[in-house]
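Sharing a structure, written as structure tokens. Questions coming.
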Amino acid sequence: MPSNSRKKRLRFHESTQRALCRMVFLWLALVPVFGVVSYSILLATPWYQSHQNETWQRRLSDNLGVEVHFKSIEFPRPNKFRVCDLVCSNAETGREILTIAQVNAYIDRSGWLVDVSSPVLNGQQIQTAMQAVHDRFLCRPQNSAGLLGLAMQDLSVSDGSMTTKFQNVKVGFKPTEATSTLMVSYSLEGQNSSGLASFSIDRDHISETTKWTINSNDISIPCNVLSERFPALKFLGDQARFRGTIDWWQKNQHWEASLRGDFQSVDFAMASMPFGKPMHGIGTLSIGNAVISDGAFREFRGLLTGDSCTVDTEWLDATTSSLKLLTTAEQPWRQMGPFASASRLGIRFTLDSRGLKLTGATPPPPDQNWPLLAAYVGNKPIACDESTIVPLQILTNAQAAYSKSSNELQPARIASGRR
């Protein structure tokens with residue numbers, strides 16, 4: 001009986017029950033639906049799209065150290081986003097560094113996976129791009145290991161006059177508390193290769209040292225792509241290509257690089273610029289080993305070859321006298337005119353702290369007792385006196401004398417003295 005009385009006391013009037021049902025339905029059904037619909041409408045408004053773009057542009061700009069702008073950003077899922085028409089610019093000059101048609105990024109437990117469509121890198125801003133990668137990514141130790149994987153079908157590098165297209169580009173970035181490593185593999189359009197070229201950067205956070213390594217495998221890399229990072233390569237000409245390895249160490253403001261490999265299609269006029277462009281033609285520069293420290297050559301061993309070129313005869317007369325070149329010419333070279341034709345060029349050279357030593361690399365005439373020849377000029381053989389070593393001071397003075405009268409870009413210095 002007591003329970004029945006309590007039920008009677010809790011029983012609501014029918015109109016009250018209907019009011020309670022309407023209230024529960026309102027809060028559990030209509031309000032969430034209204035909230036979702038309102039939020040969806042808000043996301044679609046131009047104001048919200050603009051606000052979201054500005055927020056993410058500021059966030060990416062702060063993280064990357066460059067000005068970032070894009071047309072739109074979307075979030076199909078909480079762990080995925082899509083960016084369209086992305087542009088990265090130099091924060092100081094405003095010049096474009098990189099443009100990308102679309103970026104699709106996805107994150108899982110291993111890290112970020114990014115797919116990039118139609119990227120174009122400004123060849124004149126490679127130094128800025130590499131510096132941003134070095135300072136903003138590699139120099140930041142991570143307490144927990146993360147992984148960034150980036151893939152693209154192709155990457156175009158354009159400096160306004162020439163475009164180089166890299167294909168099958170894959171980038172991996174793994175930061176840790178002790179070291180950070182960036183690895184890049186790629187091929188070049190129009191070149192058949194048995195393997196991929198590689199480029200890696202290793203940052204040691206303990207010693208604060210960065211090591212850059214380029215291994216071209218059997219791919220010939222256009223030197224204009226590397227010239228912003230290695231200015232001395234600009235003196236090989238616009239058509240020069242490199243096949244070999246480059247190792248480069250950097251600590252604070254000091255750096256040292258070593259090169260081994262072949263430079264093809266070298267412009268002799270550009271290569272001889274420090275001494276007044278006395279040679280004109282195209283050839284190959286093979287480097288056995290070259291060491292450059294803080295912009296100065298410490299060691300340079302290699303071979304210069306070419307089928308044909310022209311030589312300034314007045315310069316050739318001075319060189320023949322100073323280097324004690326051997327020749328069968330009976331009169332000064334300048335009597336041939338301002339320029340003379342040279343063929344079968346082959347010169348081995350060694351530059352170190354003692355000076356410059358030159359030797360020939362072209363076989364001599366079979367009926368003459370000659371050392372290996374440096375070239376034939378006007379059908380006359382020229383050979384180097386292998387006992388002659390040109391002191392560094394003479395080379396430095398010759399380079400300085402030409403530099404004072406020229407406003408053109410200056411090459412790497414010739415180091416003198418001990419390291």
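The values are calculated or read from the model by the stated rules, or taken from the named source; none is laboratory data. What you see is a predicted model, and the numbers here were worked out from it, not measured in a lab. So basically every Cβ, Gly included, is an ideal-geometry build from the backbone, and we count neighbours across all protein chains shown.
I'm trying to understand the selection: among the residues of region 251-270, which are outside any strand (DSSP E or B) and in contact with a helix residue (DSSP H, G or I) (Cβ under 6 Å, 6 or more places away or on another chain)?
In the first step, residues of region 251-270 are kept if they are outside any strand (DSSP E or B); the result is 252-253, 268-270.
The answer is MET270, and nothing else.
To continue, here is another question. From ASP317, ASP307, grab the single residue that is of a type in the set (D, E, K, R) and assigned to a strand (DSSP E or B). Lay out the reasoning, then the answer.
Values: ASP317 fails: assigned to a strand (DSSP E or B).
Answer to the selection: ASP307.
Kindly evaluate ASP267 against the criterion of being at pLDDT 90 or above, crowded, with 17+ Cβ neighbours inside 10 Å and more than 19 Å from the chain's Cα centre (by Cα). It would help to see each step written out before you state the result.
On the way: at pLDDT 90 or above: yes; crowded, with 17+ Cβ neighbours inside 10 Å: yes; more than 19 Å from the chain's Cα centre (by Cα): yes.
It is true that ASP267 is at pLDDT 90 or above, crowded, with 17+ Cβ neighbours inside 10 Å and more than 19 Å from the chain's Cα centre (by Cα).
Regarding SER207, is this residue of a type in the set (Ser, Thr, Tyr) and either at pLDDT 90 or above or not assigned by TED's automatic domain parsing to the domain that holds ALA340 (or both)? Give the derivation first.
Numbers: of a type in the set (Ser, Thr, Tyr): yes; either at pLDDT 90 or above or not assigned by TED's automatic domain parsing to the domain that holds ALA340 (or both): yes.
So SER207 fits the description; yes.
Across region 363-379, what is the number of residues that are assigned to a loop (DSSP other than H, G, I, E, B) and either touching a His at 6+ places or on another chain (Cβ under 7 Å) or in contact (Cβ under 8 Å) with a residue 24 or more places away in the chain (or both)? Break it down stepwise before answering.
Residues of region 363-379 that are assigned to a loop (DSSP other than H, G, I, E, B), as a first pass: 363-372, 378-379.
This time we only want the ones that are either touching a His at 6+ places or on another chain (Cβ under 7 Å) or in contact (Cβ under 8 Å) with a residue 24 or more places away in the chain (or both), so: 370-372, 378.
Of the residues in that region, 4 qualify.
Using beta carbons and a limit of 6 Å, which pairs, at least six apart or on different chains, have the first residue in region 233-250 and over 16 Å from HIS280 (Cα atoms) and the second one acidic (Asp, Glu)?
Here the result reads ARG243/ASP262; TRP249/GLU256, each pair linking region 233-250 to a residue that is acidic (Asp, Glu).
Condition check ((1) closer than 28 Å to ARG243 by Cβ; (2) surrounded by 18 or more Cβ atoms within 10 Å (Cβ to Cβ); (3) β-branched (Val, Ile, Thr)) across all residues:
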| position | (1), (2), (3) |
| --- | --- |
| CYS139 | no, no, no |
| MET152 | yes, yes, no |
| ASP159 | yes, yes, no |
| GLN167 | yes, no, no |
| GLY172 | yes, no, no |
| LEU182 | yes, yes, no |
| ASN192 | yes, no, no |
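May I pose another question? Between VAL31, VAL68, which is at pLDDT 90 or above and aliphatic (A, V, I, L, M)? Please lay out each step first, then the result.
Working: VAL31 fails: at pLDDT 90 or above.
Exactly one of VAL31, VAL68 is at pLDDT 90 or above and aliphatic (A, V, I, L, M), namely VAL68.
Kindly provide the set of residues from region 81-90 that are in a strand (DSSP E or B) and either modelled with pLDDT of 90 or more or touching a helix residue (DSSP H, G or I) at 6+ places or on another chain (Cβ under 8 Å) (or both), ordered by number. Before you say what the answer is, go through the steps one by one.
Within region 81-90, the first condition is being in a strand (DSSP E or B), and the residues that meet it are 81-89.
Matches in region 81-90: ARG82, VAL83, CYS84, ASP85, LEU86, VAL87, CYS88, SER89.
Which one is surrounded by the fewest Cβ atoms within 10 Å (Cβ to Cβ) among residues in region 210-226 that are touching a helix residue (DSSP H, G or I) at 6+ places or on another chain (Cβ under 8 Å) and closer than 10 Å to PHE242 by Cβ? Before you say what the answer is, go through the steps one by one.
Looking only at region 210-226, we keep the residues that are touching a helix residue (DSSP H, G or I) at 6+ places or on another chain (Cβ under 8 Å), and these are 210, 214, 223-226.
Remaining after also requiring closer than 10 Å to PHE242 by Cβ: 214, 223, 225-226.
Numbers: ILE214: 21, CYS223: 23, VAL225: 20, LEU226: 17.
Among those residues, the one meeting the criterion is LEU226.
Shifting gears a bit: Looking only at region 154-180, count every residue that is under 24 Å from ILE100 (Cα atoms), among the polar types (S, T, N, Q) and modelled with pLDDT of 85 or more and tell me the total.
If we filter region 154-180 for residues that are under 24 Å from ILE100 (Cα atoms), which is where we start, we get 154-174.
Now narrow it down to the ones that are among the polar types (S, T, N, Q): 156, 158, 161, 163-164, 167-168.
Going one step further and asking which of them are modelled with pLDDT of 85 or more, we end up with 156, 158, 163-164, 167-168.
Adding up the residues that qualify gives 6.
Of the residues in region 202-250, how many are part of a loop (DSSP other than H, G, I, E, B), closer than 21 Å to GLY160 by Cβ and either charged (D, E, K, R) or within 14 Å of the chain's Cα centre (by Cα) (or both)? Before the answer, list the steps.
Residues of region 202-250 that are part of a loop (DSSP other than H, G, I, E, B), as a first pass: 205-208, 216-220, 227-230, 237-240.
Filter once more, so that each one left must be closer than 21 Å to GLY160 by Cβ: 227-230, 237-240.
So of that shortlist, the ones also either charged (D, E, K, R) or within 14 Å of the chain's Cα centre (by Cα) (or both) come out as 227-230, 238.
Number satisfying all stated conditions: 5.
Follow-up. From the set of residues in region 322-362 that are in a helix (DSSP H, G or I) and modelled with pLDDT under 85, which is surrounded by the most Cβ atoms within 10 Å (Cβ to Cβ)? Working first, answer last.
Taking region 322-362 as the starting set, the residues that turn out to be in a helix (DSSP H, G or I) are 322-323, 333-336.
Restricting the remaining residues to those that are modelled with pLDDT under 85 gives 322-323.
Values: SER322: 12, LEU323: 17.
Step by step, filter region 322-362, then rank; the result is LEU323.
Still on this structure, I have one more. Of the residues that make up region 64-71, is at least one surrounded by 14 or more Cβ atoms within 10 Å (Cβ to Cβ), part of a helix (DSSP H, G or I), touching a helix residue (DSSP H, G or I) at 6+ places or on another chain (Cβ under 7 Å) and touching a residue at least 60 places away in the same chain (Cβ under 8 Å)? Explain how you work it out, then say what you get.
We begin by selecting, within region 64-71, every residue surrounded by 14 or more Cβ atoms within 10 Å (Cβ to Cβ); these are 64-70.
Among the residues that remain, those that are also part of a helix (DSSP H, G or I) are: 64.
Those left that are additionally touching a helix residue (DSSP H, G or I) at 6+ places or on another chain (Cβ under 7 Å): 64.
Checking the rest, the ones that are also touching a residue at least 60 places away in the same chain (Cβ under 8 Å) come to 64.
Checked against the condition, which is being surrounded by 14 or more Cβ atoms within 10 Å (Cβ to Cβ), part of a helix (DSSP H, G or I), touching a helix residue (DSSP H, G or I) at 6+ places or on another chain (Cβ under 7 Å) and touching a residue at least 60 places away in the same chain (Cβ under 8 Å), region 64-71 yields at least one hit.
Within region 77-85, can one find any residue that is within 19 Å of the chain's Cα centre (by Cα), assigned by TED's automatic domain parsing to the domain that holds LEU155 and under 30 Å from SER161 (Cα atoms)?
Here is the first cut: in region 77-85, the ones within 19 Å of the chain's Cα centre (by Cα) are none.
Looking through region 77-85, none of the residues is within 19 Å of the chain's Cα centre (by Cα), assigned by TED's automatic domain parsing to the domain that holds LEU155 and under 30 Å from SER161 (Cα atoms).
Restricting attention to region 273-285, which residues are surrounded by fewer than 18 Cβ atoms within 10 Å (Cβ to Cβ) and part of a loop (DSSP other than H, G, I, E, B)?
Passing the criteria: only GLY276.
What's the number of the only condition in (1) crowded, with 17+ Cβ neighbours inside 10 Å; (2) in contact with a strand residue (DSSP E or B) (Cβ under 9 Å, 6 or more places away or on another chain) that GLY288 fails to meet?
Result: GLY288 passes all but (1).
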